[in-house]
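The values are calculated or read from the model by the stated rules, or taken from the named source; none is laboratory data. The structure displayed is predicted, hence computed values, not measured ones. Heads up, the Cβs are rebuilt from the backbone with ideal geometry, glycines too, and the neighbour counts pull from every protein chain shown. These accessible areas exclude ligands, DNA and RNA; they are computed on the full protein's heavy atoms, side chains included. Shrake-Rupley method; radii C 1.70, N 1.55, O 1.52, S 1.80 Å.
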Amino acid sequence: MRGGSRGNPAESWIQAFPAFAAALGDNPQRQAQRERALAAFGELGLPSTRLEAWRSTNLGTLEKRMPPAPTGHAPEAGLLEKAKTQIALEADRVGEASLRAVFIDGHFCSSLSSLPEDESAIRVLSIRPESPTPVAFPQGYGELAPAKRDAFSALNEAFTPGIEVLEFGEGCEIDLPVHLVFLSSGDGRLNCPRLHVTGKKQSRATLILDFLSVPDGENLVSSVTEIFLEERAHLDCVVAERESDRTVHIANLQARQGRESGLRIHTLTLGGALVRNELGVELADLGAELDLNGLYVGSGDQHQDNHTRVDHATPRTTSRELYKGILADNARGVFRGLIHVRPDAQKIDSTQSNMNLLLSPGARVDTRPQLEIYADDVKCSHGSTIGKLDEEALFYLRSRGLSPSEARAMLTRGFVAEICDALPLESLRTAITELVLEKLSACVHPGGEGVA
Amino acid sequence: MTSENADLKRMAEEDYKYGFVSDIEADQLPPGLSEEVVRLISAKKEEPEWLLAYRLKALARFSEMLAENGEPGWANIDYPAINYQDISYYSAPKAQVVLDSLDEVDPELLRTYEKLGISLEEQKRLTGVKVAVDAVFDSVSVATTFRAELEKQGIIFCSFSEAVKNHPDLIRKYLGSVVPYSDNLFACLNAAVFSDGSFAYIPKGVRCPMELSTYFRINSSGTGQFERTLLVADEGASVSYLEGCTAPMRDENQLHAAVVELVALDDASIKYSTVQNWYPGDKNGVGGIYNFVTKRGACRGKRSKISWTQVETGSAITWKYPSCILQGDDSVGEFYSVAMTNNMQQADTGTKMIHIGRNTKSTIISKGISCGRSQQSYRGLVKINPKAEGARNYSQCDSLLLGDECGAHTFPYLEVENPSATVEHEATTSKIGEEQIFYCLQRGLSEEDAVSIIVNGFCKEVLRELPMEFAVEAQNLLSISLEGSVG
Amino acid sequence: MLDIQNLHASAGDTPIIKGIDLHIGAGEVHAIMGPNGSGKSTLSNVLAGRPGYSVTQGEINYDGKNLLEMETETRAREGVFLAFQYPVEIPGVGNSYFLKTSLNAIRTHNGLDELDAMDFLALCEEKMKRVEMPSDLMSRSINEGFSGGEKKRNEILQMLLLEPKLCVLDETDSGLDIDALRVVANGVNSLRSPDRAMLVITHYQRLLDYIVPDRIHVLADGKIVRSGGRELAGELEEKGYGWIGQTE
């Protein structure tokens, strides 16, 4: 990706880096790694809309209100107290977890976290400044989201307080979800959480990446997650983005799947002023199966951009992708979904569907489903629809006694049901569905002009 | 199957049917692009001052664009940068033609068209299905048939150069009004150096009684072809227009950068059909035409309709997006396309449907067939502007892969800014069905015939949009282009 | 119960109904027959208040009230039920959830308490038996993936649950095999009562063998051209609709 910004507006971050690094006090190896990433960031600059991949998402407003660079200090006690309240309010709604780890502004917060006693199933091997040297880097670290490829991965690598490493042990089956909470505690901060997940052979787990912020906090979150699934590993990964509607979140999640592994990623974008999900999965070995579910619900002036890339790198791999969007008020939704089939990757089965509902005159959506196919023995399809609620269905419901707003609400809920129903674990499904319905009620206004 | 494959391979290596070179003395400018060349072209055509000024403006913009950004980089095609100084921008058969009198046409030229299956002589005698033909040889229009008959109804159908002389007001009014000279690099080049092309005007309320047709032929070596077509259908008028193209086999790449502008006023309809069979280069990708064409129609009037149908089998590289600007309320845009690529061909083609007026409707049906080592992309934009209340679009893009070394890619862009719009897009990519082929073989068909009928079936939705006499030609072309691709 | 006077109505801008007078008293079952395009479906759509249909002249009085002044859902809550010719598929919305919401909206409107989930399920199960509907259809989305017969049974099930005062059945027999037709007709017949009126719209006489009407009206080109007793159906069956035109 070539950078497109003229006169780097992120200059201040680069200048603030030495102070950040000094405060953090990393070992020389990590320090060098950060510096390389910072150099890559300087070279790439923030992407502009002249880049095809950023055609529909303008970071112009971000450039005008750039938060200062992180200080490198862990959050103070006062913030911790506030965060506790926040977590009690929000994170607990997602329910019981076999492990909960809370990161405040990217810093691990042990007092709010509960780690499992038995490490055979879930191991936390994070690399933080206080970790002993030399640091054992997890296998594959940085391969899927290298700093040199895009500016935000570079930014993340330079400024992340630590690399959170999570491993699901070989053959383990974890019944309760693992709940990782990433909270932006302040206002006007740059937060760079970094996560590395490995599902060992035949492991089976559910992971929630829960992004929260204090109400009204205006922050930039640049998160990077790399997921590696070994042979026959299965992972359900739920990404819940429910930060304040002043947050800018650039979320990069990249995964590589081994032989006969199964990965399901559910991305729910509810909050944020501007959210960009950069989601890429490489189906790297025979028999890998991938399910991508996505839901974006925008109201007010929210801008929600989902960029997915499914890379069928080997034969006999399967992917299914379904993204749905509901845009109300002046919200804008963007979907770009690429299915890539490499040469000789035969016997591929891949479907992709993107459906959008526009609820008000100011709402808009840009969608770009894409197929790039370099092998012939494939079955690939994509479909995309954009429209309003079905008038025939509205009439049907009204003829059974429902008011127009009840009918609209019911149809809108019906529209998202397919995504919510696919969520893992009943308790989680119930909890997340509730979050979605709350957000929907903010979109479907009673009387809803221009909807019926 | 192997022996059949060998047969097919042999057939594939047969010559491109239209690859002959006609030995006609040509009046050709030396290679090079400059203000002087543009002035020379304009002078040869005895053009008015305003047209020269237009050309020069375009040339200046072209140089700027080339210096700033080079050639458009976004398409999924790959070729070495073109040296615009190596191309000759004007080539005309020396024996000049007095139009409407075929007797004076160079007999070699007439024979060329006979070989192409377009007998200009025949045209005079044909009864029943009538097609008025404007033949463009290299850069110059050589003959337009049936003119007198059309004139009775007030229809103007002539070469572009003649139109400049005889209908300057119409040309001045509409030239560049749909594709501005600065639209893109190739349109800009065309505006600077276009040599000829066709012009048609259908007056108010007239339904053109016959198909209008232009046949393009690049003959001379080292030349480019830069023709310009302008069709205007006045209120309530309707016309069907056909376009065909061929070129000799040469191991050089020749540039074809045409511009087509269509204007439909209230209740007018234009159907524009193309069978593009420029020389595609040999099986190793040597030679062939670079077909970099800008085609756009403006549905200016209420209830107007523009329909593009294209069958693209030729050219080394195709870069082409026939588009509709749906300005008038209730106007309709359609795009039906079959693109087949074989060997080393590359095609990046599709359409743009820009919905501006209320209750505008568009339909896109695109069928791509990739064989050999070719790469093909569908690229299309559907844009619903905020004011386009009640707009609807339906798009369907299917790709068929024959062979494991080719690629098929689909890049639709859907941008919707009005909540009352309904936009639907569907696409599939798959290989040709083994079961289907087996079924045909079991019923006694050869593999080649089996593939051919399956491909024709795959394209049926598009082929049936073609006028009769073109549909047959298109089916034959598909079969020829398929040869050697089974396996 | 239903009193239609000099009704003229258009679908979009096209006039379809050109002067209909029709009186259906409580306890009566009337049938409307007629060839395609005669205005049968337009009449049912006007009664239910479908958007896109406009009444250009005339009045409809329902149970002492002006029907045309009511919103679609108000008509439903007041007891007007239209069994759709083409029931709509609504993915994602559970059939059972939808029926409960609908029933409670109508109950609330009529000053009754809402039913809780348990009571609703019990009621539902009883009614489902009557239309021989498999129970898994309740947990699926509204009409999604239902066969033609299942969709029509679902319509009748809704009718049984909601217990409307005026039932309008729009070509409910279309696409049904003989078994399904019998089930549907039994459901409808079980609802016949002295305080309920029914309007059965159909193209064929077949349905009227099962649901025997008190009166039959023949609609042609937007007008009622013949009215009579049940024997009229037999005549139509024998002579076809062409005969209507000839007798005029």
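Here are some notes:
- Peptide B:367-378 has a mean shielding of 1, counted as Cβ atoms of other protein chains within 10 Å of each residue's Cβ.
- With DNA, RNA and ligands ignored, accessible area of B:MET468 (1.4 Å probe; Å², nearest 10): 150
- Cβ neighbours within 10 Å from other chains - mean over C:92-104: 4
- Heavy-atom accessible area order for A:GLU392, B:GLU415, largest first, 1.4 Å probe: A:GLU392, B:GLU415
- Considering region C:131-245 at the alpha-carbon level, its Rg and Dmax are found to be 15.5, 49 Å.
- Within the accessible area of chain A (1.4 Å probe), percent carbon and sulfur: 49
- Derived scalar couplings ³J(HN,Hα) [region A:181-189; Karplus, 6.51 cos²θ - 1.76 cosθ + 1.60; whole Hz; x for Gly, Pro]: 10, 10, 10, 8, 8, x, 10, x, 10
- Note, ³J(HN,Hα) from phi for region B:261-271, Karplus 6.51, -1.76, 1.60, rounded to Hz, x at Gly and Pro: 10, 10, 10, 10, 8, 3, 6, 8, 9, 10, 10
- Accessible-area order (highest first, 1.4 angstrom probe) of the listed residues B:GLU49, A:GLU230: B:GLU49, A:GLU230
- Computed on protein heavy atoms with a 1.4 Å probe, the accessible areas place A:ASP216, C:ASP113 in the order C:ASP113, A:ASP216, largest first.
- Solvent-free Debye calculation, one equal scatterer per alpha-carbon of chain A: log10 I(q)/I(0) at 0.09, 0.12, 0.14 Å⁻¹ equals -0.56, -1.04, -1.43.
- The figure for C:TYR97 is an accessible area of roughly 100 square angstrom, using a 1.4 Å probe on the protein chains alone.
- Residue mean of other protein chain beta carbons inside 10 Å, A:387-395: 6
- For the pair A and B, total buried accessible area rounded to nearest 100 Å², probe 1.4 Å: 2600
- Cα extents for region B:330-487 along the principal axes, largest to smallest and rounded to whole angstrom: 55, 33, 25.
- Close amide H partners of B:LEU242, meaning residues 5 or more places away or on another chain with modelled amide H under 5 Å apart, are B:LEU212, B:SER213, B:THR214, B:SER273.
- Chain A packed on chain C takes about 2000 Å² of accessible surface away from a 1.4 Å probe, both sides summed.
- Highest mean first, the peptides A:21-32, A:354-365 sorted by other C-beta atoms within 10 Å per residue fall in the order A:354-365, A:21-32.
- Ligands, DNA and RNA are left out, and with a 1.4 angstrom probe the accessible area of the protein assembly as shown is 37 Å² per residue.
- Taking amide H positions as modeled 1.01 Å from N, with prolines and chain starts lacking one, the residues under 5 Å from A:ASP377 and 5 or more places away or on another chain are A:LYS347.
- Near B:LYS352, the amide H atoms lying under 5 Å from its own belong to B:SER323, B:CYS324, B:LEU381; only residues 5 or more places off or on other chains count, and H is placed 1.01 Å from N.
- For region A:37-143, Kirkwood radius (reciprocal of mean inverse C-alpha pair distance, Å): 18.0
- Each 10 Å bin from 0 upward holds the following percent of the Cα-Cα pairs of the protein assembly as shown: 2, 9, 15, 17, 17, 16, 13, 8, 3, 0, 0.
- Of the whole protein surface, B:GLU68 contributes about 120 Å² of accessible area at a 1.4 Å probe radius.
- ³J(HN,Hα), Karplus 6.51/-1.76/1.60, whole Hz, each residue of region C:155-163, x for Gly, Pro: 4, 5, 4, 4, 5, 5, 6, 7, 6
- Helix-derived mean residue ellipticity, 222 nm - over the protein assembly as shown, DSSP H n ≥ 4, -39500 (n - 2.57), to 500: -8000 deg cm²/dmol
- For region C:61-82, accessible area lost to neighbouring protein chains reaches 10 Å² or more, against the chain alone with a 1.4 Å probe, at C:GLU71, C:THR72, C:GLU73, C:ALA76, C:ARG77, C:PHE81, C:LEU82.
- With Cα atoms as the point set, the radius of gyration and Dmax of region C:1-133 evaluate to 17.1, 48 Å.
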